[in-house]
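Peer 1: Pasting in a structure now, in structure tokens, and then I'll have a few things to ask.
Read the figures in this text as sums done on the coordinates, not as results from a lab. Computed from a predicted model, the values in this text were never measured in an experiment. In this analysis, Cβ positions are derived from the backbone assuming ideal geometry, glycine residues included, and neighbour counts consider all displayed protein chains.
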Amino acid sequence: MTQTQLYLISPLDVGGEFPARLERALAAGARRHGDLVTAFQFRVKGLESHEAARLAAPLQAICAAHDVAFIVNDSVALAKRLKADGVHLGQGDGSPKDARAELGREAQIGVTCHASRHMAMEAGEAGADYVAFGAFFPSATKDKGDAERPTPDLIRWWTQLFEIPCVAIGGITPENCPPLVEAGADFLAVSHAVWGGDEVAAIEAFAKAMRG
């Protein structure tokens, strides 16, 4: 079984000191385990594309220097403009098939599937490179309201039947992640647990919880 890796999701504010914070986090991941952090999702809301591209540029360069995939949240158009490594689609953001046609064969395309086995299977059939389940825990990043919360059994079921990687998302911390790692999650998507405090200490804590 492959080792679980971290998939960092940006805070909504990626200006100011954030590029330096991202550099520190990725460097910490490389020091602990070279492949601990494997992807970074650029998640900004309500910005016109020129401003989003300006903010993305230094972050994309940092990810490239650390061999970390740079994934754009929600927007196929922005991913194409930035020549990003891929795009992450919510259920209302279009189909993986259409995204593939726009972004090409090499693009990494992920799909939010909440707690739904059906959505995940549909995403896989449509050509998604990974599926994301969650929120597993109350999340400071995404308000799921009364949405059904998945359990580690969903990850276990998926990994036993399908080869497409799965991402666990939603309120994941170093303290609560071990059951998700044990269930076989390929990636843990984390945001507030890293950016809400000392990012280097958080990466160290995740590394210890995930790899020992």
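Peer 1: Given R₀ = 45 Å, what would the calculated FRET efficiency be for residue 48 paired with residue 117, taking r from the Cβ atoms and rounding to 0.05?
Peer 2: On the way: r = 37 Å, r/R0 = 0.83.
With R0 = 45 Å, the Cβ-Cβ based efficiency is 0.75.
Peer 1: Before anything else, pin down the relative contact order of the chain: Cα pairs under 8 Å, at least 6 apart, normalised by residue count, whole percent.
Peer 2: Relative CO of the chain lands at 21 percent.
Peer 1: Distance from the Cα centre of the stretch 159-212 to that of the stretch 8-78, in angstrom?
Peer 2: Cα centres, the stretch 159-212 to the stretch 8-78: 17 Å.
Peer 1: Run the simple label-point estimate for residue 69 and residue 129 please: 7 Å along Cα→C-beta, distance reported in nm.
Peer 2: 0.4
Peer 1: Moving on to the next point. Any idea how many Lys pairs in the chain come in under 22 angstrom at the alpha carbon, given 8 or more places apart or on separate chains?
Peer 2: Numbers: 45/80; 45/83; 45/142; 45/144; 80/97; 83/97.
For the chain, the number of qualifying lysine pairs is 6.
Peer 1: Extension gain residue 77-residue 198, at 0.36 nm per residue separation less the Cα-Cα distance, in nm? Write down the numbers at each step before the final one.
Peer 2: On the way: separation 121, 0.36 × 121 = 43.56 nm, distance 3.29 nm.
Result: 40.3 nm gained on full extension.
Peer 1: Give me the distance in nm between label points sitting 7 Å out from Cα along the Cα-to-Cβ direction at residue 182 and residue 161, one decimal.
Peer 2: Spacing of the two 7 Å Cα→Cβ label points: 2.3 nm.
Peer 1: Where the only charges are on Cβ atoms (+1 Lys, Arg; -1 Asp, Glu), what is the dipole of the chain about its Cα centre, to the nearest 20 debye? Let's see the in-between values first.
Peer 2: On the way: 20 positive and 27 negative charges, 43 e Å.
So the dipole magnitude of the chain works out to roughly 200 debye.
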